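The values are calculated or read from the model by the stated rules, or taken from the named source; none is laboratory data. Because the structure is predicted, anything quoted here is derived from the model rather than measured. No Cβ is skipped: glycine too gets one built from the backbone with ideal geometry, and neighbour counts run over all protein chains shown. Heavy atoms of the whole protein, side chains included, go into the accessibility calculation; ligands, DNA and RNA do not. Shrake-Rupley method; radii C 1.70, N 1.55, O 1.52, S 1.80 Å.
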Amino acid sequence: AQKVLLVGESPLMEELVDKIAERPELGWKVIGFLREEGGAGMRKTPELGTISEVGRVAAEAHPDRIVVGLSERR
């Protein structure tokens, strides 16, 4: 399975987690997400740290894909 790391907490990220779970034939597995500063978290996905820790988390987890979905544009 390809490991997917989510960065951010936009409302679409929860929907993405659900869609990936519905389609196991894609071979994707969400390994966790990186929380935005002051973010509330995601209910179905493990929190692996904050966005500022993306380098460390990527080095440790070796994701195949990183999907970015921030709740607001900066």
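Tabulated data
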{"quantity": "Estimated distance in nm for a label pair at residue 72 and residue 18, the labels positioned 7 Å out from Cα along Cα-to-Cβ", "calculated": "2.5"}
{"quantity": "Computed P(r) (all Cα pairs; the chain; 10 Å bins; percent)", "calculated": "20, 56, 22, 1"}
{"quantity": "DSSP loop GluC sites (Glu not before Pro) with at most 12 other Cβ within 10 Å excluded, longest remaining stretch of the chain", "calculated": "1-36"}
{"quantity": "Total charge dipole magnitude, the chain, about the Cα centre, Cβ charges on Lys, Arg, Asp, Glu only, Debye to nearest 20", "calculated": "120"}
{"quantity": "Distant-in-sequence amide H partners of residue 28 (H built 1.01 Å from N, under 5 Å)", "calculated": "2"}
{"quantity": "Length added when fully stretched, residue 1-residue 61, from 0.36 nm per residue minus Cα-Cα", "calculated": "20.3 nm"}
{"quantity": "Per-residue [θ]222 nm for the chain (sum of -39500 (n - 2.57) over DSSP H runs n ≥ 4, rounded to 500)", "calculated": "-8000 deg cm²/dmol"}
{"quantity": "Under Karplus coefficients 6.51, -1.76 and 1.60, residue-wise ³J(HN,Hα) of the range 32-43 in Hz, glycine/proline x", "calculated": "x, 9, 10, 6, 6, 4, x, x, 8, x, 10, 6"}
{"quantity": "Per residue solvent-accessible surface (Å²) - the chain, probe of 1.4 Å", "calculated": "64"}
